Amino acid sequence: MAILAKENTAGASSPPRRLGLAGRGEARAGFLFALPWMVGLTIFTIIPLLLTFYIAQTKFQIVGAPKYVGLANYAAMWIDPAMWTSARNTMFFAVVSVPIKLVIALGLALLLNRVTALSGFYRTVFYLPFLMPAVAGSIVFMLLLTPDAGPVNIALKALGFSPPDWLLDPKAALWTIILLSLWPLGVETLVFLGGLQNIPKDVSEAADLDSPRGWHKLVWITIPLISPMILFNLVIGIIYSFQVFTQALVVGGTTGKPAEATLMYMVVLYRAAFRYFNVGYAAAMATVLFVGVLLLTLLIFRTARSWVHYEGDSR
Amino acid sequence: MGAVQLTGVRKLFGALEVIKGVDLSIADGELVVFVGPSGCGKSTLLRMIAGLEDVDYGDIRIAGADVTELAPARRGVAMVFQNYALYPHMTAYDNLAYGLRRAGMARAEVDARVRETAALLQITELLPRRPKAMSGGQRQRVAIGRAIVRKPEVFLFDEPLSNLDAALRVEMRSQIARLHQELQATMIFVTHDQVEAMTLADRIVVLNAGRVEQVGTPSEVYHNPANLFVAGFIGSPAMNLLPATVGQGGRLTLAWGTTMAGPACSSGMAGQSLTLGLRPDRLSLVPQAQAQASGQVTLAEHLGDESILHVRLPIGQSLTVKASGDVAARLGDTVHLGFDMTHAALFGADGQAMRSA
Ligand SMILES: Nc1ncnc2c1ncn2[C@@H]1O[C@H](COP(=O)(O)OP(=O)(O)O)[C@@H](O)[C@H]1O
Ligand SMILES: [Mg+2]
């Protein structure tokens, strides 16, 4: 007994680090397989990120060398009304569009999850819009939404509504962007569909035997069981929504027409970098966005412990 | 109260008819076992009673009410699944409480019912655990608890023990039998294991290829199989089935020429070809002079208190003999067998049993 205990402590203080010959080869192969990805991550993500942090502390106008200015760019941001307007618009956009997007995607996934002869066909059709560039999609929607000649307003008028000018009414324009951004739901829907199809058939049937109401099963069984997919779609959705750009640029140009109603954070950033060549300022904006989204994501992951159920989790 | 009545029930998956017209009446409080080979439609029939599969033709009544078109949760049935089907994100307590809560039961009453059920099944200490943190046997007890807690009219079990190891299976089997005693509820239990069927059932329903072959008590099904299928399926080791022809005075002539007195029902059937069914325990080792058959041992299973001998006759027919444990016969030995015709069964050319009128 004493000997055993002694051996155990010895083992604990010097854990067996040595790998067998096969293990070492395997480790090397694993490292080699991961290498291209690690090189890519370093060159295309980590180095630019560090560069951005640095450039944010300089005055840099593309030509000439960057000049160190400390926190001046951040100070300029603090008093820039366009930055504040765009931040407000972007936050509104994120808060409204992400939940709507998730709810619609979940609804579609629930419909697609029903076994019918055509479900494979529908799945393909729902994924197709995602293959179309966002610019092209946005332009098509703008044509549809043209105030007098657009089919949407013609239809709404025929039904007795008085539709807004989707693109020029400051109250409506931001909602138009939200609408545009909802359109390619393919990926979110497929992620949810994957989650739904992972729910064991007999668990779902047990729920049918426990309560006849469909929404009971949805709220207490289905949604908790796809909570990892909800978390994934939520985090990705937030990251992307704070970077909304294409739709905003197509609808509002670089000035956020009408009346800065559609001015988005990324548009102001783009404008600073490529119109005013104030790259240092743009880098400061990018840094703030990065830190903000990072904190938000960490916050969501923190709360996720209480509402996300992972398979294999025994807590 | 919890009687179950099936009338002309049929089920098709596409063009494949899986349940080919089942009429069945199960009395309140009865424990009925559906038994049959894999793929014969046991699960499908049970799931139709549960409402998890649509009924294509015929109707199903539970406690007198037609439930054919009713949602599963409105039928007053609870089901225990082969793979437990517990809600993985809930503790055992919540698994049990879920159905009660959704039915709008008050919190205190839910708690009382859950604890009472847990005590009955001795799973109280499992209540705070998630399914992942339980063994197979524990999960199955919780799954049974989830069925019991709702006090259904009818319990449905779909091979609930087949994922458990042999010792646990025997224990759970007796626990289900005890539950049936205590709850006095109607239970329908599906299994492909005929030992489970024999030990649990008030009545056995033998299914084959979507049809009911026989309904009867375990003893009826064992001693008076209705046809060759039941005879071959029920009983382990399986019944010996021997081709025979009827001669003068009902005497039987077996394939290898031996003649012997047949059971009462064979008289008056001279010239007919039949199948004689003899349980392995009706065959015994005898001196050569009294033997009805002789052959070589091809497999000897010595199980301690009994020995199972597989004997091959010179004409190729194989016979199974259940002998006492002290039999010394070994592989390759020549043995002589005597037939005891009490409980012998006879089957006509159509495979149906002949009954002595
Ligand atoms: N959903 C289904 N679609 C098509 N065929 C099915 C389906 N479910 C069961 N079957 C077929 O029905 C037959 C009976 O199945 P089942 O009731 O599960 O048999 P058992 O439980 O007796 O093993 C099998 O041949 C099976 O392949
Ligand atoms: Mg089955």
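Key figures for this structure:
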quantity	calculated
Complex-versus-alone comparison for the stretch B:76-105, residues with a loss of 30 Å² or more in accessible area, probe 1.4 Å	B:81, B:85, B:87, B:88, B:89, B:98, B:102
Share of carbon and sulfur in the accessible heavy-atom surface of the stretch B:235-316 [1.4 Å probe, %]	49 percent
Reachable lysines from residue A:59, criterion Cα separation under 30 angstrom, eight or more residues apart if same chain	A:67, A:257
Hull shadow area, averaged, the stretch B:221-357 [alpha-carbon convex hull, nm²]	8.1 nm²
For chain A, built as a Gaussian network whose Cα springs stay under 10 Å, the top-fluctuating residue of A:167, A:102, A:159	A:159
Alpha-carbon centroid distance for the pair the stretch A:95-127 / the stretch B:204-230, whole angstrom	49 Å
Table column - 3J(HN,Hα) (Hz), the stretch B:217-234, Karplus curve with 6.51, -1.76, 1.60, x for Gly and Pro	5, x, 5, 4, 5, 6, 8, 10, x, 6, 7, 4, 4, 5, 4, x, 8, 8
Residue order for B:331, B:24 - accessible surface, 1.4 angstrom probe, largest first	B:331, B:24
Rounded if a/c under 1.5, otherwise prolate or oblate - chain B, Cα gyration tensor axes	prolate
Greater than 23 Å apart at Cα, pairs in A:217/B:11; A:101/A:171; A:217/B:151; A:201/B:11	A:217/B:11
Within a Gaussian network of chain B (alpha carbon springs, distance under 10 Å), most fluctuating of B:56, B:326, B:111	B:326
Three-way shape call for the stretch A:72-306 based on the alpha-carbon gyration tensor, with the a/c threshold at 1.5	oblate
Residue (of A:291, A:179, B:345) at the positive-pole extreme of the protein assembly as shown, dipole from beta-carbon charges	A:291
Area of residue A:276 that stays accessible when all protein chains are in place (1.4 Å probe, Å², to 10)	140 Å²
Protein accessible area in the stretch A:72-306, 1.4 Å probe - carbon and sulfur %	73 percent
Loss of accessible area when A meets B, both sides summed, Å² nearest 100, probe 1.4 Å	2200 Å²
Three-way shape label, the stretch A:33-129, alpha-carbon gyration tensor, a/c 1.5	oblate
Average accessible area per residue (Å²) across the protein assembly as shown - probe 1.4 Å, nucleic acids and ligands excluded	50 Å²
Pairwise centroid distance, computed over Cα atoms, of the stretch B:315-357 with the stretch A:249-308, Å	87 Å
Debye intensity ratio in log₁₀ form over the Cα atoms of the stretch A:123-186, taken at each q of 0.12, 0.20 Å⁻¹	-0.34, -0.82
Highest-fluctuation residue, A:94, A:206, A:105 considered, GNM on chain A with Cα pairs under 10 Å	A:206
Antiparallel bridges, percent of DSSP beta bridges restricted to the stretch B:37-193 (to nearest 5)	20 percent
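The values are calculated or read from the model by the stated rules, or taken from the named source; none is laboratory data. All figures in this text were calculated on a predicted structure; none of them were measured in a lab. Here Cβ is always computed from backbone atoms with ideal geometry, including for glycine, and neighbour counts include all displayed protein chains. Heavy atoms of the whole protein, side chains included, go into the accessibility calculation; ligands, DNA and RNA do not. Shrake-Rupley method; radii C 1.70, N 1.55, O 1.52, S 1.80 Å.
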